[in-house]
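So the structure is just underneath, and the comments pick up after that.
Just so you know, all these numbers are worked out from the coordinates, no wet-lab data involved. What you see is a predicted model; the values in this text were computed from it and never measured. Cβ placement follows ideal geometry from the backbone for every residue including glycine, while neighbour counts extend to all protein chains displayed.
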2 protein chains.
Amino acid sequence: MYRAPVEEIAFTLKQVVGLEKGIGEGRFGDLSSDLVDAVLQEAGRFATDEVAPLGLAGDRQGARFKDGSVTMPDGWRDLYHRWIEGGWNGLSGPVDFGGQGLPVMLGIATMEMWNSGSVAFGLGPTLTQGAVEALDKHGSDELKAVYLEKLVSGEWMGTMNLTEPQAGSDLAALRARAVPVGDGTYRIFGQKIFITYGEHDFTDNIVHLVLARLPDAPAGTRGISLFLVPKFIPDADGKRGRRNDAFCHSIEHKLGIHASPTCTMIYGDGRADGEPGAIGWLVGEENRGLACMFTMMNNARLAVGIEGVAIAEAAYQKALAYANERRQGKAPGYTGEGMSPIAAHPDVKRNLLTMKALTQAARAIAYSCAHALDMAHSSEGTEATFWQERANLLTPIAKAFSTDIGVEAASIGVQIHGGMGFIEETGAAVLYRDARIAPIYEGTNGIQAIDLVTRKLPQSGGEHVHAYIAELKADAEALRNSNLPGLGRTADRLDAALADLEGATRFLQKALADGKMAEALSGATPYLRLFGLASGGAYLARGAVAGRDVARVSLARFFAENLIAECAALRDRVENGAESLEAATAALAS
Amino acid sequence: MYRAPVEEIAFTLKQVVGLEKGIGEGRFGDLSSDLVDAVLQEAGRFATDEVAPLGLAGDRQGARFKDGSVTMPDGWRDLYHRWIEGGWNGLSGPVDFGGQGLPVMLGIATMEMWNSGSVAFGLGPTLTQGAVEALDKHGSDELKAVYLEKLVSGEWMGTMNLTEPQAGSDLAALRARAVPVGDGTYRIFGQKIFITYGEHDFTDNIVHLVLARLPDAPAGTRGISLFLVPKFIPDADGKRGRRNDAFCHSIEHKLGIHASPTCTMIYGDGRADGEPGAIGWLVGEENRGLACMFTMMNNARLAVGIEGVAIAEAAYQKALAYANERRQGKAPGYTGEGMSPIAAHPDVKRNLLTMKALTQAARAIAYSCAHALDMAHSSEGTEATFWQERANLLTPIAKAFSTDIGVEAASIGVQIHGGMGFIEETGAAVLYRDARIAPIYEGTNGIQAIDLVTRKLPQSGGEHVHAYIAELKADAEALRNSNLPGLGRTADRLDAALADLEGATRFLQKALADGKMAEALSGATPYLRLFGLASGGAYLARGAVAGRDVARVSLARFFAENLIAECAALRDRVENGAESLEAATAALAS
């Protein structure tokens, strides 16, 4: 059973990504290191004792749909209410609306824990948080007054409605319509699919944020507006009032996250009393909906990245516990009684260490992205720009690298369990199933790679990314100068990986500058992987230098000597793979 | 929907692994190239039109257990009977007992097709075939007379009973007991788990092959004997007679292959009439059961490898069809109307080509292993030894590399489908679920890697593997000399990969010779992967030289320029990874 790794999380936040330094600089109000510990401890307790025990049963029972309503698994509604009563929903929410205004770092760290307990549970609040951010930043004062406090407390939950059958990665194809009523409201019509937590019984109202087109809006993405569409329209007192014409038509039968209802939503079908059309309110400006949506999507991308970290951590813990208990054969050098724990066999050890090292690397990247957001919020001018660019740079890596390693770790976790891993009751298989959605939603990992290459590498005239790589190089140098025992060739390997990252970066920047878009896009996915491995290795090195303990030093070394040699091959694919990729189109036609 | 790739399969058999040459040498009786085509065509039709359409529904319904009986999904019993009526069960079975005695190559190629249609369906006959081989090689004439014809025709099915709760990878811990009755039979007692097709309604008898210990047998693996235990004891006429004390206690609730019943079997619990104890007959000699079991396990390992190929092929086809149909965004250079098919986006193209190239590579390796078995059967003396060693060498690679890439391809397949891939009805998810068992059963892939390094590399004083690598090098050389257009750096890349394979091989052979077992075992898994990639690249090159078509040439190039650069990193892990792996044990304890 999952136990929240509170110490490791605190160490990563404070020593690796810079929370301690930020506190020292007084960036986070009266937040103290002790308060951080207290928050993480309590979140860890809740995730370990309350969320995790309901995760597997929730998967088995799943969310159930009947007559437009969704019933969540037994005990989940109570769990959610205990969770919001703990104040967790508003942890990093806006203070003006009842939030605690704590750093995003703490929000992300606690989110990791909920998701390790159950991704299906952690997902709902992630969506609500996105809605809070979009409203807080783009909503009118009237909308904020009615909705924000309830969304921050968690009394009501929020959703994001983007996808339609013909419009997934490409929102230009979106068709949902919004017709102005004349009183400041709009009537929304259309079908949305894959709407997470679009319907459920956790809360007595649900606040949908819906992308739709106004009449005569320009075609493409410049003609999309964002609307707030509540399930129940609040009355003058802000209480839930009459039923809006926004209904869940069905929920999907999915590979994983069975307890998270994935809804097809129908707006304006005339199922509610009165004239057809779901009543909605504009959020932000007309035809600027995509910009508003990106506010929530960027943070949602980091949140999805954390799902990858969370699953990898849960898979690692489960596999380690099994491997320490299960005995088969005799490992080389084993001198104990009877059979060895399988954890002593080199191949199993390699698998466990791979899981652990990738998890730590991905965690540091994701937390670092949260740190950059907090730094941006707590600074101004060029400093704020710098940190916002840092967050922009790290977001696609935090999303894609973490969720890819989430799938890998979950798969290795099943493997370590042997035949038992394939049995659903063991609980390793559910992680393998749940993990598979994260590389897909909130922009597939392929889209993340394109975003990284085409939008993030050009930041600040192409210089921003090199400033980041320079920081990572300083970590490698600090490790080299640390005189820590047991480092082996860690520093050399890290230097080589960072040189590969730098070389591949310059190659892609040149390809973009030369207008060779196909070449740049062909290398995007291997480049993102290279970025994740090289930066992850640097963060592990930073942790080793800060912690100076055998566990961190040896893990950084394992990562450097066993995992990041792949960087050279990845750079090669970035720089030399495009031509053969294009040429092999013929092989797909045969 | 899956369409059997009959042409590609025939090409691989004939041109890549040597079926055509073997026919020319008269090794396979009156088998002609045309007959091969006819067999593959008909198998392709059956797999495409009959097996595949029932696969997804079978997954959804699953095998159902009640009161000791298992009901298979709707239509599956009929499907099985149409399949055995087609003579498919005995395709490469012994002629003396009604089999067609065709090469293992054809058996494996057709098995690929059944498994692409449905692994859960293909699995049952795989087990029966293992039972046929064990009985044919080790059974007494009396046992053969009663059982072989029925097992070859498929009228009865067979099972393999090895695993017990405490004895999985390590059979030394096995506890099931066999007590001699005095009349030549034995009474078997014990519990076996994870017994595939241990109970079902396909056939009116099931023939279990069960490992158990005789009284006073030596401890460990030298005290294990093999017994044949029929569900119903045949009467004097060979018809099924009274119920034996061998019962299915329950079936597992699994991640995948839902329609394949995975049974807990209880022997000798007294549930049948008469004295407790399941009646069994010894197969082979007392205490030599493991040797008998290895006969069936080796071929079962190749068969499981084929499951990986089959799933990868099915996943590729499904993803390609979706990617050609689904339109989103505009790919670079796309000049068509509206949105591009997603297959035109470089990242999706990379994913599709990765699936296809890995599938072809794994197929060639697996077929090559089957070819070696056929060559061994059709030769004598040192030639037979040579080919048997070749089969021995390739078996762990065919099993582990193929099943690893099966999981990878199935995962990429889900990814290409985007959100739709996560919906069970789409049929991509079931492949991801089904694929996950193959790296586990018939010896985990970690065990395969250990087998490769510790048992196969030392064959013929360490020289056998180098003869094989020399053949692969000749393929690279032939490609270099082919003057085919569009090869890019294929030959250089292949040379480098094969040099890495050779270097890593010599490193491991030296480690073994020096008694550095932990070092050798630490590198086993990356070495197996290196072996699969480098040899797979050579087979693709061989196919390109033989086929001289753009599709094969460009695919070989894609593989060489995009996938096998990883070989250098793998060699590095083999040669330099062990120390940091051992040192990082500390990280698992923290």
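Select from the range A:350-399 those GluC sites (Glu not before Pro) which occupy a DSSP coil region and have at most 13 other Cβ atoms within 10 Å, ordered by residue number.
Details: sites: A:E380, A:E383, A:E389; in loops: A:E380.
When the GluC sites (Glu not before Pro) of the range A:350-399 are filtered for loop state and at most 13 Cβ neighbours within 10 Å, A:E380 remain.
Of A:K356/B:K510; A:K356/A:K399; A:K66/A:K231; A:K318/B:K456; A:K254/B:K356, which ones are farther than 24 Å apart at the Cα?
Working: A:K356/B:K510 31 Å; A:K356/A:K399 18 Å; A:K66/A:K231 17 Å; A:K318/B:K456 33 Å; A:K254/B:K356 26 Å.
In this structure, A:K356/B:K510; A:K318/B:K456; A:K254/B:K356 exceed 24 Å between Cα atoms.
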Relative contact order (percent, whole number), chain A, Cα cutoff 8 Å, 6+ residue spacing | 12 percent
Can you name the chain B residue with its Cβ nearest the rotation axis from B to A, and give the distance in Å as a whole number?
-> B:A569, 3
Alpha carbon centre of the range B:266-292 versus the range B:396-454: separation in Å?
-> 34 Å
Where labels lie 7 Å past Cα in the beta-carbon direction, separation of A:K510 and A:E7 in nm = 4.8 nm
Using alpha-carbon pairs under 8 Å, 6+ residues apart, how would you state the relative contact order of the range A:6-153 in percent?
-> 23 percent
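Evaluate peptide A:558-565: per residue, the Cβ atoms of other protein chains within 10 Å of its Cβ; return the mean as an integer. Write out the running numbers ahead of the final one.
Values: counts 9, 3, 1, 10, 11, 3, 1, 10.
Averaged over the peptide's residues, the number is 6.
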Sorted from shortest, what are the nm distances separating the label point of A:G101 from equivalent points in the other copies, each placed 7 Å from Cα along Cα to C-beta?
-> 8.9
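Which of the trypsin sites (Lys or Arg not before Pro) found in the range B:503-590 are in a DSSP loop and have at most 13 neighbouring Cβ atoms, other than their own, within 10 Å?
Numbers: sites: B:R506, B:K510, B:K516, B:R529, B:R542, B:R548, B:R552, B:R557, B:R571, B:R573; in loops: B:K516, B:R548.
Within the range B:503-590, the qualifying trypsin sites (Lys or Arg not before Pro) (loop, at most 13 other Cβ atoms within 10 Å) are B:R548.
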Cα centre as origin, Lys/Arg/Asp/Glu Cβ charges: chain A dipole, Debye = 1160 debye
Using a cut-off of 20 Å between alpha-carbon atoms, which aspartates and glutamates can reach A:K330, once sequence neighbours fewer than 8 places away in the same chain are excluded?
-> A:D347, B:E164, B:D170, B:E442, B:D451, B:D514, B:E519, B:E579, B:E582
222 nm mean residue ellipticity, helices alone, for chain A (DSSP H n ≥ 4; -39,500 (n - 2.57); rounded to 500) = -17500 deg cm²/dmol
homo-copy label distances at A:A478 (7 angstrom along Cα-Cβ), nm, one dp, ascending, are 5.6
Shortest first and in nm with one decimal, please list how far the A:D514 label point sits from its counterparts in the other copies (point 7 Å along Cα→Cβ).
-> 4.5
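For the range B:1-77, which GluC sites (Glu not before Pro) are in a loop by DSSP, counting at most 16 other Cβ atoms within 10 Å? Don't jump to the answer; show the numbers that get you there.
Details: sites: B:E7, B:E8, B:E20, B:E25, B:E42, B:E50; in loops: B:E25.
Qualifying residues, ordered by number: B:E25.
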Once the in-chain neighbours fewer than 8 apart are removed, the aspartates and glutamates whose Cα is under 13 Å from B:K144 read B:D96, B:E133, B:D136
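List every DSSP H helix in chain B whose Cα atoms extend 27 Å or more along the helix's own long axis and whose mean Kyte-Doolittle hydropathy is at least 0.5. Display every interim value, and only then the final one.
On the way: long enough: B:119-138 (28 Å, 0.31); B:289-325 (53 Å, 0.55); B:346-377 (46 Å, 0.07); B:381-416 (50 Å, 0.26); B:490-513 (34 Å, 0.09); B:524-547 (34 Å, 0.68).
In chain B, the long hydrophobic H runs are B:289-325, B:524-547.
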